1. For a Förster distance of 30 Å, can you work out the FRET efficiency between the beta-carbons of V32 and D133, rounded to the nearest 0.05?
2. Give me D for segment 1-56 in µm² s⁻¹, whole number, from Stokes-Einstein with Rh from the Kirkwood sum over alpha-carbon pairs, 20 °C and 1.002 mPa s.
3. When the Kirkwood hydrodynamic radius is evaluated over all pairs of different C-alpha atoms of segment 176-311, what value in angstrom, to one decimal, is obtained?
4. Roughly how big is segment 374-429's charge dipole about its Cα centre, with Cβ charges of +1 (Lys, Arg) and -1 (Asp, Glu), in debye to the nearest 20?
5. Quick one: compute a quarter of the convex hull surface over the Cα atoms of the chain and quote it in nm².
6. Suppose each label sits 7 Å from its Cα in the direction of the beta carbon; what would the A64-R182 distance come out to in nanometres?
7. Express in nm, to one decimal, how much length is gained between R124 and A286 on full extension, taking 0.36 nm for each residue of separation and deducting their alpha carbon distance.
8. Whole number please: convex hull volume per residue of the Cα set in segment 274-425, in Å³?
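The values are calculated or read from the model by the stated rules, or taken from the named source; none is laboratory data. Everything numeric here is computed off the predicted structure, so don't read it as measured data. Heads up, the Cβs are rebuilt from the backbone with ideal geometry, glycines too, and the neighbour counts pull from every protein chain shown. Only protein heavy atoms, including side chains, enter the accessible area calculation; ligands, DNA and RNA are left aside. Shrake-Rupley method; radii C 1.70, N 1.55, O 1.52, S 1.80 Å.
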Amino acid sequence: MRVFLETYGCQMNVADSELMAGVLQRAGMELVERPEDADAVILNTCAIRENAERRVLGRLGDYAHLKLANPALIVGVAGCMAQHLRGKLLERKRVLDLVVGPDGYRALPELLRRAAGEPVAAVRLDRDETYGDLEPRREPGVRAWVTVQRGCDKFCTYCVVPFTRGRERSLPLPDLVGQMERAAARGFREVVLLGQTVNSWRHGESDFADLLRAANDVDGILRVRFTSPHPADMTPRVIEAMATCERVMPHVHLPLQSGSDRVLEGMHRTYTRAQFMDVVAQLRAAIPGVAISTDIIVGFPGETEADYQATLEAYREVHFDSGFLFKYSARPDTRAFRLPETVSEEEKGRRLTELIDLQMALSAEVNDRWLGRTVEVLVEGGSRRDGAQLHGKSREFKTVVFADDGSPAGRLARVRVVGATAITLIGESLDAPGAQPLVSIGG
Ligand code: 5AD
Ligand code: SF4
């Protein structure tokens with residue numbers, strides 16, 4: 001069977017698609033690049049906001065079309081939306097043959113075979129499934145996504161994830177070390193540890209600080225990142241591990257969501273604004289120059305103008321390096337879904353636009369501070385816009401582009417910053433062509 005996988009949503013889904021690809025390949029199935037060449041297409045979907053689901057429903061229309069030309073084509077929906085809509089999706093029998101939730105991937109080959117005969121649903125959540133023993137088929141590159149935890153127990157009142165991905169589970173430490181070692185052996189130079197609340201990872205006596213140290217010690221891995229930590233689990237032990245592990249990068253994506261204590265309580269975020277600021281202060285004291293990015297939701301039910309102003313003020317106070325900014329989207333199953341929406345779509349739009357303006361101004365200021373300084377860039381490859389440019393990330397996770405100096409992907413280059421926008425740093429390589437790389441990378 002030839003399978004085409006299409007991925008929507010967060011990094012966790014990208015990692016899950018690599019997991020599915022590994023499962024399929026081991027079962028002798030072939031992965032193809034185009035839906036036209038496939039016997040089965042699987043959409044790995046997201047349910048976090050309504051527009052994510054709308055996009056996928058639209059895409060199913062395209063596949064209905066393809067199915068007219070090829071009636072044997074199996075169309076499957078996997079991931080959060082599959083779990084979220086379950087039966088409702090199967091009602092679209094005309095198009096859909098398979099609905100599989102995030103805990104059903106181990107049996108994917110078998111499910112696909114069955115789906116060739118009759119519509120199949122596998123949407124039982126499983127408290128114990130971690131897929132820790134299954135090797136993903138990683139997309140080539142310098143960065144390996146390593147899922148270290150699945151599910152979420154926080155139950156923020158706006159969020160559908162605890163319902164779509166189920167209870168929090170951590171992958172065992174030995175499985176993770178094995179995965180990272182194999183990634184390094186295959187040429188990956190950076191690992192990104194993934195979990196919905198990644199810093200609440202635990203296995204036996206080990207906590208997330210121990211996991212960071214273990215990742216830091218994997219031979220061949222030059223950089224370690226993680227996303228997304230929950231502010232309430234940002235313990236001094238974790239901060240200490242970040243500060244002392246040379247390969248753990250000085251960047252934290254720390255979702256604030258709102259700067260108003262009233263709204264934070266309504267969201268059940270379990271921290272106050274002051275507690276968040278305290279974590280930021282600890283990070284900055286322990287890790288000089290640490291970059292901090294965030295997530296913000298505007299227009300949560302009951303958010304007043306004063307609450308919103310508190311968010312702007314908090315955003316300024318932290319002076320975030322960057323942020324993902326969202327309009328609140330009511331999700332069925334969540335507690336907030338039952339709350340009356342008090343902020344109109346138009347007003348949400350105004351709040352979002354204003355916040356984006358603030359973010360762009362602050363990001364431009366932060367990036368201007370890099371002018372004239374030298375950054376270490378892990379080269380990822382040619383710049384998409386301009387073939388003569390290379391691009392990569394600085395230690396702080398800023399995108400840096402610079403003229404091609406012949407550095408291969410995977411090399412750490414020294415680059416002087418000569419220009420900056422809110423989004424990108426523009427640099428000049430300090431490594432003469434053919435110069436000794438900062439680190440030597442075999443193969
Ligand atoms: N509406 C808008 N944004 C949401 N997020 C999660 N749920 C919702 C929702 N219902 C945002 C949060 C989270 C990010 C991944 O998505 O900011 O941190
Ligand atoms: Fe959703 Fe909150 Fe869990 Fe993040 S911590 S996945 S926002 S419930």
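1. 0.70
2. The estimated diffusion coefficient comes to 181 µm²/s.
3. 16.0
4. Dipole size: approximately 140 debye.
5. It is 21.4 nm².
6. 4.0
7. Extending this stretch completely gives an extra 54.0 nm.
8. Spelled out: Cα convex hull of segment 274-425, divided by residues, is 154 Å³.
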